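The values are calculated or read from the model by the stated rules, or taken from the named source; none is laboratory data. Owing to the predicted nature of the structure, the values given are computational and were not obtained by experimental measurement. With ideal geometry, Cβ positions are generated from the backbone for all residues, glycine too; neighbour counts draw on all protein chains shown. These area figures cover heavy atoms from the full protein model, side chains too; ligands, DNA and RNA do not enter into them. Shrake-Rupley method; radii C 1.70, N 1.55, O 1.52, S 1.80 Å.
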Amino acid sequence: EPEVTQTPSHQVTQMGQEVILRCVPISNHLYFYWYRQILGQKVEFLVSFYNNEISEKSEIFDDQFSVERPDGSNFTLKIRSTKLEDSAMYFCASRGDPDTQYFGPGTRLTVL
Amino acid sequence: KQEVTQIPAALSVPEGENLVLNCSFTDSAIYNLQWFRQDPGKGLTSLLLIQSSQREQTSGRLNASLDKSSGRSTLYIAASQPGDSATYLCAVSLAGANSKLTFGKGITLSVRP
């Protein structure tokens, strides 16, 4: 069964450094999402992406964040200058037809 | 702003018991509702999706119902097993195919052998 994959599974970085989280959505899906989950808290929406552009973003998704679909398979989330409060599990999701969103296993980001 | 609530936060039951997990949401104009399972430190596994026009969906021992007008959904688990122990998350999307999911905090279920 097709699945969403994410790399790396765990990323440790120093405050102020840039990180890129990578996702490979399910191949025939058209809608892509990033969510995050801070330890012990709800899963929160960050951004949705369709037709090579952002369709919606949350207030969390400020100028430090960006997304790209650099080729036909990858979908990336970049954080330009990480802060301690960016430490969280980041999930990528994709959606085809019907409407189920399928989530990847997540990348645990630890900012020191 | 859509708010999703799941109460209680944790539940412990003996093996074999039938149980119901509750989810409520504040804005009834939803597009669909999904139930997920999350094991500790892991990703989200989609269990069931209910469209706004549907009343329930079934998959194996799981049955999810939706009452849009009252802003409620339930996930029924029949004959619970220790392997069902996990956190169960409810999430709703508002109108629009590209719409984000808004999650509840989840119910952590422990099924005792």
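Points to keep in mind about this one:
- All of B:Val4, B:Val13, B:Val20 fail the test of being among the β-branched types (Val, Ile, Thr), loosely packed, with under 15 Cβ neighbours inside 10 Å and modelled with pLDDT of 95 or more, apart from B:Val20.
- B:Pro113 being open to solvent by 30 Å² or more (accessible area, probe 1.4 Å), out of contact with any helix residue (DSSP H, G or I) (no Cβ under 9 Å at 6 or more places or on another chain), in contact (Cβ under 8 Å) with a residue 60 or more places away in the chain and not basic (Lys, Arg): no
- Among residues of the stretch A:6-31, those that are at pLDDT 95 or above, assigned to a strand (DSSP E or B) and open to solvent by less than 60 Å² (accessible area, probe 1.4 Å), counted: 8
- Flag set for A:Ile54, criterion: part of a strand (DSSP E or B), aliphatic (A, V, I, L, M) and surrounded by 12 or more Cβ atoms within 10 Å (Cβ to Cβ).
- Qualifying position, being assigned to a loop (DSSP other than H, G, I, E, B) and of a type outside the set (Phe, Trp, Tyr), among B:Ser65, B:Ser69: B:Ser69
- Selection within the stretch A:13-28 - over 16 Å from the mean Cα position of the chain (by Cα) and either within 17 Å of A:Leu77 (Cβ to Cβ) or free of Cβ contacts under 8 Å to residues at least 12 places away in the same chain (or both): A:Thr13, A:Gln17
- Scanning the stretch B:39-62 for residues that are part of a loop (DSSP other than H, G, I, E, B) and under 19 Å from B:Ala29 (Cα atoms) yields B:Ser52, B:Ser53, B:Gln54, B:Arg55.
- Selection within the stretch B:55-90 - among the small types (Gly, Ala, Ser) and touching a Gly at 6+ places or on another chain (Cβ under 7 Å): B:Ala79, B:Ser80
- Picking from residues in the stretch A:35-48 that are facing another protein chain (nearest Cβ under 10 Å) and within 9 Å of the chain's Cα centre (by Cα), the one that is surrounded by the fewest Cβ atoms within 10 Å (Cβ to Cβ) is A:Val47.
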